[in-house]
Amino acid sequence: MGKALRVGDDISTDHIIPGRFAHLRSNLPELAKHALEDTYPSFAQKVSPGDFLVAGKNFGLGSSREHAAIVLKLAGIKAVLSKSCARIFFRNAINVGLPVLITNTDAIDEGDELEVDWAAGLVKDLTKGIELGFGRIPTVMLKILEEGGLVPFIQKYSNLELPGG
Amino acid sequence: MGMTLAEKILSARAKAPCRAGDIVIMPVDLVFAQDTTGPLTVRQFEALGLGKLASPSRTVLFLDHAAPAPSKELANDHRLLREFARRTGAILSEVGEGICHQRVVEDYASPGEVIVGADSHTVTAGGLGAFATGMGSSDIAVAMALGRTWLRVPEGFLVNLKGTFRKGVLAKDLVLHIISRIGADGATYQSLEFMGQGLKGLSMADRFAVANMAVEAGAKVGLFPSDETTHSYLRARGREKDFHPLSPDADAHYVNSLEVDLSQLEPMVARPHRVDNAVPVEEVKGTPIHQVFIGTCTNGRLEDLEIAARLLAGKKARSRLIVAPASRGIFLEAMKRGYLQALAEAGAMLVAPGCGPCLGVHMGVLGDGENCLSTANRNFQGRMGNPHAFIYLASPATAAATAIKGEITDPREFL
């Protein structure tokens, strides 16, 4: 269980971690302190391990910087919930072991208590007493996610072929 | 049923039919990273524990985003990449050589290739018919180690071009027009493919500018056919052997399409803080502009400097004016032709070939409340180093005219 931290539509990777912090990209824990600071200035104070970042449409548009997914994970975000997601970010998030769940987030408010039932494919908003289904993650990405990301996946299998075909 | 350009390129490289929606493992013909994504790529590569690069002569590390280095941290990131190149045999493109995407189309990319880069604007090479796409550091590390990547074959989105540009309207106006019509997620994960009789009037510089911004509509790739224009470009660069013609099948299936009459377009300006918030220049004319930036992987090419120099020659810029040629080759040619002389005399600050102030690291960070008009591809809040500044995007002609008057100006006033 974790609480919802809300942002709006079209949050770019420049919003998640601006280019002016490029000098911190080889110091990820320090970089993570600046996650979302231009668009959600109190994010670093409010976030606790296990929380969910809840966004509107087209989350993560813009650059390919994998650091954007990493800083959210390092900040403690358990999963991103959004109505839709830009695809480079979606892939990067899975590659670093951060699930992105596509669901209609309109009903979720800041501070709502959320729980994910992974097997049932449901996000439960305990504050509102509602359940929201989330879209299926493609099989190849699910395998990567299950190993904790792309690097651990390759460490285990040494290639991209999916186990069992 | 016929194939889109993306399906054709991927099928040829996979040596098996690839259809939209298929998940495929593809050989990679070129893999690259730059100085803000490269250090993480190197660390992920080391973590894989696979040792060698699959193809050192087709692996390139570009020092361009923070070049020359503005801080000790970024200078040390450069050292890390230089050391990695030395150890693995990868090619290193040093500070001052230029922006990765420009260097890629100058010397490395060919029609029909599959190219992956740790930078979203890798799509630029789609201008010459390469399936080129941006990925994060982990994916690029894996592509470097295995020489392969996985991907989902994208659906096609056809943009049918007809007519020719009127005076003062450039390729940047076309792509801003398209994005304003379909939105920043209008082509999410699709192959945006540009066809039609209007292509004849589009130079390679035009095609690179348009393909570059395909990702601003969410596209996986932005593809142009490989035709006589592509042939002439490669021949002029001494790479004629890299040419082969490419076009989609006449009966290819596209999930979406758009018609654009080039003769109906106006100079366009994208307003803060969204790329798809673009309007004809008329609607924002007179907005005060403190800084104009001409350069980037979108519009730092010779043709862009030429039109800017033509407008600014003999005049004095009222806005601060920063010009960054996209590569050393462009810098030298622009110098030989007198463009840099004209720009400098008009008050331009000429900075090192590279990304310049586009991503907010250095060389022109904005003050609170300041407006910048830039020829770059992104105007997100905070993009140029200050969340309290405002970025407008436009063509190099609009940028030059704006610099002259110190406010957003229709370039046709000076043409």
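Derivation of every value follows stated rules applied to the coordinates shown; laboratory data play no part. What you see is a predicted model, and the numbers here were worked out from it, not measured in a lab. Please note: Cβ atoms are built from the backbone with ideal geometry, for glycine as well, and neighbour counts cover all protein chains shown.
List of remarks:
- Using just its DSSP H runs of length 4 or more, each adding -39500 (n - 2.57), chain A gives a mean residue ellipticity at 222 nm of -7000 deg cm²/dmol after division by all residues.
- Volume per residue that the Cα convex hull of region A:1-47 spans, once the total is divided by residue count, Å³: 86
- Mean Kyte hydropathy of 0.0 or more with a Cα span along the axis of at least 30 Å, helices from DSSP in chain B: none
- Each peptide in A:22-28, B:22-28, B:371-377 gets a packing score, the mean of other Cβ atoms within 10 Å over its residues, and the list from highest to lowest is B:371-377, A:22-28, B:22-28.
- Expected-Rg normalisation [2.2 N^0.38 Å, Cα atoms] applied to region B:270-414: 0.93
- 3J(HN,Hα) along region B:243-252: 7, 8, x, 8, 8, x, 5, 4, 9, 4 Hz, from the Karplus curve 6.51 cos²θ - 1.76 cosθ + 1.60 with θ = phi - 60°, whole Hz, x for Gly and Pro.
- For region B:118-130, the Karplus equation 6.51 cos²θ - 1.76 cosθ + 1.60, evaluated at θ = phi - 60°, returns couplings of 7, 6, 5, 7, 3, 4, 3, 5, x, x, 10, x, 9 Hz by residue, with Gly and Pro reported as x.
- In region B:117-181, the trypsin sites (Lys or Arg not before Pro) that fall in loop regions by DSSP, at most 15 other Cβ within 10 Å: B:166, B:167
- Normalised by 2.2 N^0.38 Å, where N is the number of residues, the alpha-carbon radius of gyration of region B:121-165 equals 1.55.
- In this structure, the amide hydrogen of residue B:62, modeled 1.01 Å from its nitrogen in the peptide plane, lies closer than 5 angstrom to those of B:33, B:34, B:35, B:93, counting only residues at least 5 positions away or on a different chain.
- Using C-alpha pairs below 8 Å separated by at least 6 residues, the relative contact order for chain B is 18 percent.
- Exposure proxy ranking, count of Cβ atoms within 10 Å, fewest first, for B:80, A:142, B:30: A:142, B:80, B:30
- Positive minus negative residues near residue A:54 (Lys, Arg vs Asp, Glu; Cβ under 11 Å): -3
- Straight-line cross-link reach from residue B:172 at under 29 Å between alpha-carbon atoms covers these lysines, not counting any fewer than eight positions away in the same chain: A:57, B:8, B:162, B:200, B:220, B:285, B:315, B:316, B:336, B:405.
- Within 10 Å of the Cβ of each residue in B:272-279, the mean number of Cβ atoms contributed by other protein chains is 2.
- Alpha-carbon gyration tensor eigenvalues x 5, square-rooted, for the protein assembly as shown, Å: 35, 27, 24
- Counting Cβ atoms of other protein chains within 10 Å of each Cβ in A:38-46 and taking the mean gives 1.
- Each of B:227, B:77, A:51 was scored by other Cβ atoms within 10 Å of its Cβ. Arranged with the fewest first, they read B:227, A:51, B:77.
- Taken one residue at a time, the phi angles of region B:191-196 give Karplus couplings (6.51, -1.76, 1.60, θ = phi - 60°) of 8, 7, 10, 9, 9, x Hz. Gly and Pro are set to x.
- One Cα centroid belongs to region B:255-313, the other to region B:161-209; the line between them spans 12 Å.
- Cα-based radius of gyration of chain B once divided by 2.2 N^0.38 Å, which approximates compact folds: 0.93
- Amide H within-cut-off set for residue B:382, under 5 Å, with H built and near neighbours excluded: B:389
- Averaged over peptide A:8-20, the number of partner chain Cβ atoms lying within 10 Å of each residue's Cβ comes to 6.
- Amide H to amide H, with H built 1.01 Å from N, residue A:101 comes under 5 Å of A:80, A:81, A:82, counting only residues 5 or more places away or on other chains.
- Qualifying trypsin sites (Lys or Arg not before Pro) for region B:264-333 [loop in DSSP, other Cβ within 10 Å: at most 14]: B:316
- Loop trypsin sites (Lys or Arg not before Pro), region A:39-148 (other Cβ atoms within 10 Å of the site Cβ: 10 or fewer; DSSP): A:136
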